[in-house]
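Written below as C-alpha cells is the structure these notes are about.
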Amino acid sequence: MVRVPYSWLKEYCDPGVEPDQLAERLAMTGTEVERVVAVGPPSPEGFVVGRVLSAEPHPNADRLRVCQLDTGDGERTVVCGAPNVAAGQTVAIALPGATMPGGQQIGEAKLRGVRSAGMICSASELGLGESPEGILVLEDDGLRPGMPVDEVLPLSEPVLELEVTPNRVDCFGVYGVAREVHAVTAAPLAQEAWLEDAVAAGDGEVGDYASVTVEVPELCPRFTARVFTDVTIGPSPTWLQARLAAAGQRPINNVVDITNYVMLLTAQPLHAFDLDRVPDGALTIRTAAEGEKMTTLDGLERTFDAETVLVCDRDGASGIAGIMGGQVSEVSEETTRVLLEVANWSGTNILRTSRLMVELCGAKLVPGTIDVAAEAPAMPTIRLRGERVEGLLGMAIEQADQKAYLERLGFAAVESGGDLEVTVPPDRHFDVTREVDLIEEVARVHGLDENLPSTLPAVAGRVGGLSREQRLRRRAEDVMRDLGFDEVVGWSFTDPGEPARLRIPAEDPRANGVVLSNPLSEDQSVMRTTLLGSLLDITQRNQAHAAARTTLFESGRVYLPSGSMGRNVKDDLTNRPVGGLGGDFPGERSAPSRELHRIACLTAGSPLPSWRGGEEPDGFFALKGVLEALAGQIGAELSFEAVAEPFLHPGRAASVVVAGVPVGWIGELHPLVCREWDIDAAVGFEVDLAPVVAHATAGEERFEDVTAFPAVNQDIAVVLPAEVTAERLRSVVLTAGGELLRSAEVFDLYEGEQVGAGRKSIALRLEFRAPDRTLTDEEVAERRSAIESALAEIGGSLRG
C-alpha cells in the first residue's frame, strides 16, 4: 500500500481536480486507488492560529494552567494541562464547534470552576503524528492570530491509498505518482526536487572520513555515500512530521525523518550511519557468511544465509542491504557525524537528502561523494510500429500523441518514419520489455474507457458457447453450492513456507512451487500447488471472527513445476502450460509450470445434528458422501483406496480414483496441520476436475424404459480379511453378479470376536432385476452362487 498525501502530490503535479476525481482517472488508466481517506480532523473549520498572552496556574488544580489567548476575534480563556504551555507561544486552537479526528466536538465547559472556551492542540490531537508531551508550538513565521490552521499545516489532508503492482516500481514514490498524474491528465510536472544540491561547507574531503568497498558489484551495482559533520539531533519541523504521518511513517528524529521523507518521495531507500560508530569510517558490501548474525534496528537478532547482501564495518555486519540497518551504528541523540548512504542502484536522491540534512539538522556537508559504481547497462530501445498500434488496439492514435504520452511517462521517443524509437527509462526496465508493453502504455494514457471502441471479436461465422468441460465444471460448482458449501476464491500466490506447514516433504513436487520473479511480497512469492492452503487460511480467518462453523469449497487452478505431474496425477488431460498472456503473443514467454484445475472443499467447526441422535462433527464418510453426490451429478464413477498423505490423519485418508487413475485425496486433516492454522479439526477433499470430467457420462445420457418387473433384494454379510477394502469387495460382487445384479451397496461393518482376529464382516444390499421378465428363484440363486465362489478368491465367505 502506497499512501500519497494530496498536498504533497500537488507540489509536483497539480491536476486541478478533487481527489476523488483523480482517483477515478488513475483507476481507469491502470493505477488502482484503493480509497481516498482524510488524515486529521474531518473538517478544518474551527481550527485557528492563536497566541498565548499569558499562562497562569489554575487556582484549583496544580497541573492546569489558565491561558489568555488572542485568536484574532478578541481574547478568550482556555484551560490547558500541557506542561510546556507558556506566554508568547504561537499555537493551534480548536474553537468551540470544531470536530477532532476522533469525532469529539469541542465546546465550552467549566474546568475546576474556570470556564474554558476551546482547546490548545498537540500534534497528535490534530492527527499530525506523534509529538513530545505537550502542545504543538508553531514557528512564528509571520503567523497572525485568527488565520486558519490549514493555511499552515495540512488539516483534513486527503490521502490516496494506492495498490501499486510490483512491476510499477516507479509509482512507489510521490514523485513517480506525480509523473503518472502528469501523464494521464497532461497537468504540468515540476522538476525533480533532487537536482538541486546542498552547499558543501565541511572541512576536508569525503575520503578523509569514510571509504566504501563493494565486493559484489553484480549484487550492488552502485553504492553512494556522503558525510555530514556538526549534526544536531532533534525533532523534525511540524510540517515534516505531518507529511510523514499522512504517508504512514512514524516521525522519529530529524535525521531518520529526512531519510524516510526522501524515500517516500523518490521510492529509493536510504540509510544514515552514526559515523563515529563505524570504525575508521570504512564500509564493505559483501554477502553474508552462512549463519552470520546481526541485531537490526527493531531489536531482533537475525541469522542470514550466504545469499544475503550485508553492509559491514571492520567488526562485522552493520546493515542488511536495502532493507534495514543494524543497532551497532544506529543514529542516536549523541550523534554528531552522519554517513548517509544510498545503495539502491541509483544515487540521485542523495542530493535532495543532502539539502534537507543541512537545512534541518544544522549539519555541514563535507565536499565530495563516495560513488562506487559498476558499469551501467545501456537503456534498451524498442521500436514502436504505428501499424502495430492500430492493429492491436483496433483504432488509430496519432504519432504525435503516442510520442507525447510516452514522454510524459518518462520515456524518450524519436520519430522514425511512421514508427517511434523508444528508450525505456531505468525505473521501467523490468516492466517494459516488448513492443506490446509500449502499446499498453499508449492505450491506457489515451483512455481505454472513453476512447477505445467496443467491438465484438471476429469469429468467422462461428457461434460461441461453453465447451463440455466448462459446462460440467460449472455443474460441479453448482452441486457444491446446492449441498450448502460457500464458494471462496483464494490467492494463486502463497507463502513458500506453506508446504512445510502442510508437512509436505521436500522431495514431493508440491513442496517446490513456481517462484515468482517479481512477487507482491515474500508471503505471496510462489504459485500454489494445492488449494488446501487457501481453504485453511480462509477457515482460520472466519473462525478468528467467531464463525462457529465453516463449509467452504474452491474451484481453481494450482501450479506444479514444469515436468512434474504432481502426486496422484497421471493423466495429461489435467495439465496445461502456464503462459504469461494466455497465448496472445506466441513464443514471447516460457511455460515455467503445469496448470491443473481442481475442486476442493473443507469443513470445520461446531458439529451438526446426527440421524443417530445427538450431534457429531463432519468426518470422512460425510465428505465422502458429498464427493459421491458431486460425481453422480456429472455422471462420473469414483472409487477410493487407502493412501497416506502427509497432511491427512493416518488411517482416515483415501485416494480418489477414476478409471483406475488416482485424481485426488479425501480425509481428515492431520492434527499437527490443524494446529498450524489454529483449527480444532477439519475434513476435506481435493480432486483434479479434468480427468473426472473426461470419464463422466453427463451429456451422453442414455435412457431406458421404466420396467414394471419387480426387483429381488437380498442382504448378505461377507467375512473377509481385514486388509481387503470394501471397494474391492463391492467390485468382486458386481462382477460375479453379472447383468442381473443392478447394484451392491455397503450398509454395515462389524469387527469383533464373532468373526475372529484379523477379519471383519461387511454387509451389502444386493438388487437383482431383469428388464423383460420377473426373475425366478433359480436365476437369483445361480448369481448368488457365483458371488459366493468369487468371494473365495479374496479370502471371503458368506456369514451364516
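Structure notes:
- Test: Thr295 is surrounded by fewer than 20 Cβ atoms within 10 Å (Cβ to Cβ), in a strand (DSSP E or B), in contact with a helix residue (DSSP H, G or I) (Cβ under 9 Å, 6 or more places away or on another chain) and modelled with pLDDT of 90 or more: yes
- In a residue-by-residue description of region 300-311, the property of being closer than 27 Å to Pro367 by Cα and not small (Gly, Ala, Ser) applies to at least one position.
- Condition met for Cys67 (modelled with pLDDT of 95 or more, under 25 Å from Gly134 (Cα atoms) and crowded, with 18+ Cβ neighbours inside 10 Å): yes
- Filter result for Ala363 (modelled with pLDDT under 90, open to solvent by 60 Å² or more (accessible area, probe 1.4 Å) and over 32 Å from the mean Cα position of the chain (by Cα)): no
- Scanning region 382-400 for residues that are in a helix (DSSP H, G or I) and in contact with a helix residue (DSSP H, G or I) (Cβ under 7 Å, 6 or more places away or on another chain) turns up Gly386, Arg388, Val389, Leu392, Leu393, Gln399.
- Answer residue from region 110-145, given it is modelled with pLDDT of 90 or more and of a type in the set (Ser, Thr, Tyr) and is nearest to Ala246 (Cα to Cα) among those: Ser122
- Meets criteria (touching a helix residue (DSSP H, G or I) at 6+ places or on another chain (Cβ under 7 Å) and either open to solvent by 40 Å² or more (accessible area, probe 1.4 Å) or over 30 Å from Ala600 (Cβ atoms) (or both)) for Arg481: no
- Residue check for Thr550: within 24 Å of the chain's Cα centre (by Cα), assigned to a loop (DSSP other than H, G, I, E, B), buried (at least 19 other Cβ atoms within 10 Å of the Cβ) and modelled with pLDDT of 55 or more: no
- Taken together, Leu420, Leu448 contain a single residue that is surrounded by fewer than 16 Cβ atoms within 10 Å (Cβ to Cβ) and not in a helix (DSSP H, G or I), which is Leu448.
- Selection status of Leu669, open to solvent by less than 20 Å² (accessible area, probe 1.4 Å), more than 30 Å from Ile538 (Cα to Cα), of a type outside the set (D, E, K, R) and in contact with a Leu (Cβ under 9 Å, 6 or more places away or on another chain): no
- Matching residues in region 180-201 - criterion: being outside any loop (DSSP other than H, G, I, E, B), among the small types (Gly, Ala, Ser) and open to solvent by 30 Å² or more (accessible area, probe 1.4 Å): Ala200
- In region 749-791, the residues that are under 13 Å from Leu729 (Cβ atoms) and modelled with pLDDT under 90: Leu749
- Count of region 680-698 residues which are assigned to a loop (DSSP other than H, G, I, E, B) and either open to solvent by less than 10 Å² (accessible area, probe 1.4 Å) or touching an Asp or Glu at 6+ places or on another chain (Cβ under 8 Å) (or both): 4
- Any chance Asp537 is surrounded by 14 or more Cβ atoms within 10 Å (Cβ to Cβ), within 14 Å of the chain's Cα centre (by Cα) and at pLDDT 90 or above: yes
- Members of region 202-219 that are under 22 Å from Pro367 (Cα atoms) and in a loop (DSSP other than H, G, I, E, B): Gly202, Asp203, Gly204, Glu205, Tyr209, Ala210
- Residues (part of a helix (DSSP H, G or I), touching a residue at least 60 places away in the same chain (Cβ under 8 Å) and open to solvent by less than 30 Å² (accessible area, probe 1.4 Å)) located in region 265-289: Leu265, Thr266, Leu275, Gly281
- Residue match in region 763-783 (condition: more than 25 Å from Ala636 (Cα to Cα), crowded, with 16+ Cβ neighbours inside 10 Å, touching a residue at least 12 places away in the same chain (Cβ under 8 Å) and not hydrophobic (A, V, I, L, M, F, W, C)): yes
- Some residue of region 168-179 being touching a helix residue (DSSP H, G or I) at 6+ places or on another chain (Cβ under 8 Å) and either acidic (Asp, Glu) or over 24 Å from Asp431 (Cα atoms) (or both): yes
- Residue pairs meeting the criteria (Cβ under 7 Å; at least 6 apart or on separate chains; first touching a residue at least 60 places away in the same chain (Cβ under 8 Å) and under 26 Å from Gly176 (Cα atoms), in region 187-216; second charged (D, E, K, R) and assigned to a loop (DSSP other than H, G, I, E, B)): Ala187/Asp14
- Output for region 615-639, where each listed residue is at pLDDT below 90, open to solvent by 20 Å² or more (accessible area, probe 1.4 Å) and under 28 Å from His545 (Cβ atoms): Glu615, Glu616, Pro617, Asp618, Phe620, Ala622
- Residues that are under 30 Å from Leu452 (Cα atoms), aliphatic (A, V, I, L, M) and open to solvent by 10 Å² or more (accessible area, probe 1.4 Å) within region 24-64 comprise Ala27, Met28, Val33, Val36, listed in sequence order.
- Among (1) at pLDDT below 95; (2) in contact with a strand residue (DSSP E or B) (Cβ under 9 Å, 6 or more places away or on another chain) - the single one Asp427 does not satisfy: (2)
- Test: residue in region 492-504 that is of a type outside the set (Lys, Arg), under 30 Å from Gly394 (Cα atoms) and open to solvent by 40 Å² or more (accessible area, probe 1.4 Å): no
- Wholly within region 36-119, strands (runs of 3 or more DSSP E) carrying at least 1 residues that are among the polar types (S, T, N, Q): 47-58, 61-70, 75-80, 90-94, 114-117
- Any hit, region 73-87, residues being of a type outside the set (Gly, Ala, Ser) and in contact with a Pro (Cβ under 6 Å, 6 or more places away or on another chain): no
- For the condition open to solvent by less than 50 Å² (accessible area, probe 1.4 Å), of a type outside the set (S, T, N, Q) and either under 30 Å from Arg25 (Cβ atoms) or touching a Leu at 6+ places or on another chain (Cβ under 9 Å) (or both), Glu125 does not qualify.
The values are calculated or read from the model by the stated rules, or taken from the named source; none is laboratory data. Small disclaimer: the values here were computed from a predicted structure and weren't measured. Backbone-built Cβ (ideal geometry, glycine too); neighbour counts: all protein chains shown. All accessible areas refer to the heavy atoms of the entire protein, side chains included, with ligands and DNA or RNA removed. Shrake-Rupley method; radii C 1.70, N 1.55, O 1.52, S 1.80 Å.
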